[in-house]
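Each value in this text was obtained by applying a stated rule to the coordinates, not by laboratory testing. Remember, predicted model here, so these are calculated numbers, not experimental data. Glycine gets a Cβ as well: all are built from the backbone with ideal geometry, and neighbour counts include every protein chain shown.
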Amino acid sequence: MKKDDLSLSYSARKALTVHLGESAGNEIASLIQRMATQIEELKRSKVSVTQVIPNTNKIDPIIQAIESESF
């Protein structure tokens, strides 16, 4: 994804500033852009973890789902 794809459009920024005020609208638009950038970075740096030794103990399905991120 290109950096430009992470930016809000002029219309979206304008709507935020009109409805929330210039200062608050710009602050929220900036926050959204920073969050989008951080999410993209997390996606790029995410690694999968494979268990080397299978766990033979019975694990709660909820804990197992959280650990495997398969929810």
* Structure fact -> Per the 1/(1 + (r/R0)^6) rule, R0 = 30 Å and r from the Cβ atoms of Ser45 and Ser23, FRET efficiency to 0.05 is 0.35
* Structure fact -> Counting sequence-distant residues (5 or more places) and residues on other chains, those with an amide H built under 5 Å from that of Ser7 are none
